[in-house]
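The block underneath contains the structure these notes are about, expressed in structure tokens.
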Amino acid sequence: MPASFALTAFAASEPSAITGQKKTYAYSWQQEVELGAQADKEITQEMGLYDNPQLQAYVEQVGQRVLQASNFTGPSSPEIYRNTKFTFRIIDDPVVNAFALPGGYVYVTRGLLAHVQNEAQLAVVMGHEIGHVVARHSSQQARRNQWGQIGVIAGAILGQKVLGEKARTSGRPS
């Protein structure tokens, strides 16, 4: 397989939501949305959601306000991002934590909600997690991992060639 095919087979060149300039990501934005939706089902099933509709509505409201302030879905954002629906969830876990998945899935734990002292602190945490999604950190990390894997494969091929050549020539009399 040609090296150029291997490099482009798992990459998507799309505009950055932050700068609007083209960047290379491991996944297209649509793939990130699909990956996030799939992982969301697994996480909510495995970790469980906190059953408090009033608190869930509050977290959703704060998350949506922070998202709107980010302008990610606004008219100046590249078109591929504008209609992205973000989902904000509360995980039923006492640990103080928050995390995000690709494609617009943001989670806070009930432990975090018990820890924050006001809405501004919650908004900062949610803004941080929205930032991970907007900057497409998961896709960038996956892209870096792809480059690392390509390096390992190239090293193995080169090593095999060098060692194979050495083995063939070492058996010959000088």
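The values are calculated or read from the model by the stated rules, or taken from the named source; none is laboratory data. Keep in mind that what you see is a predicted model, and the values were worked out from it rather than measured. A quick note on method: Cβ atoms are made from the backbone with ideal geometry, for glycine too, and the neighbour counts reach across all protein chains shown. Heavy atoms of the whole protein, side chains included, go into the accessibility calculation; ligands, DNA and RNA do not. Shrake-Rupley method; radii C 1.70, N 1.55, O 1.52, S 1.80 Å.
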For this session: Test I91 against the criterion of being more than 14 Å from the chain's Cα centre (by Cα), of a type in the set (A, V, I, L, M, F, W, C) and under 19 Å from Q140 (Cβ atoms), and give yes or no.
Result: no
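Conditions tested, residue by residue: (1) under 30 Å from D92 (Cβ atoms); (2) of a type in the set (A, V, I, L, M); (3) at pLDDT 95 or above.
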| site | (1), (2), (3) |
| --- | --- |
| A9 | no, yes, no |
| A12 | no, yes, no |
| G20 | no, no, no |
| K41 | yes, no, yes |
| N52 | yes, no, yes |
| R65 | yes, no, yes |
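Please enumerate the residues belonging to the stretch 116-130 that are touching a residue at least 12 places away in the same chain (Cβ under 8 Å) and either surrounded by fewer than 16 Cβ atoms within 10 Å (Cβ to Cβ) or touching a His at 6+ places or on another chain (Cβ under 8 Å) (or both).
Applying the first criterion (touching a residue at least 12 places away in the same chain (Cβ under 8 Å)) to the stretch 116-130 yields 119, 122-123, 125-130.
Once the filter is applied, which keeps residues that are touching a residue at least 12 places away in the same chain (Cβ under 8 Å) and either surrounded by fewer than 16 Cβ atoms within 10 Å (Cβ to Cβ) or touching a His at 6+ places or on another chain (Cβ under 8 Å) (or both), the stretch 116-130 yields E119, H128.
Considering L49, L35, L112, L55, which residue is open to solvent by less than 80 Å² (accessible area, probe 1.4 Å), of a type outside the set (S, T, Y), without any contact (Cβ under 8 Å) to a residue 24 or more places away in the chain and in contact with a strand residue (DSSP E or B) (Cβ under 8 Å, 6 or more places away or on another chain)? Let's see the steps before the verdict.
Numbers: L49 fails: without any contact (Cβ under 8 Å) to a residue 24 or more places away in the chain; L35 fails: without any contact (Cβ under 8 Å) to a residue 24 or more places away in the chain; L55 fails: without any contact (Cβ under 8 Å) to a residue 24 or more places away in the chain.
Exactly one of L49, L35, L112, L55 is open to solvent by less than 80 Å² (accessible area, probe 1.4 Å), of a type outside the set (S, T, Y), without any contact (Cβ under 8 Å) to a residue 24 or more places away in the chain and in contact with a strand residue (DSSP E or B) (Cβ under 8 Å, 6 or more places away or on another chain), namely L112.
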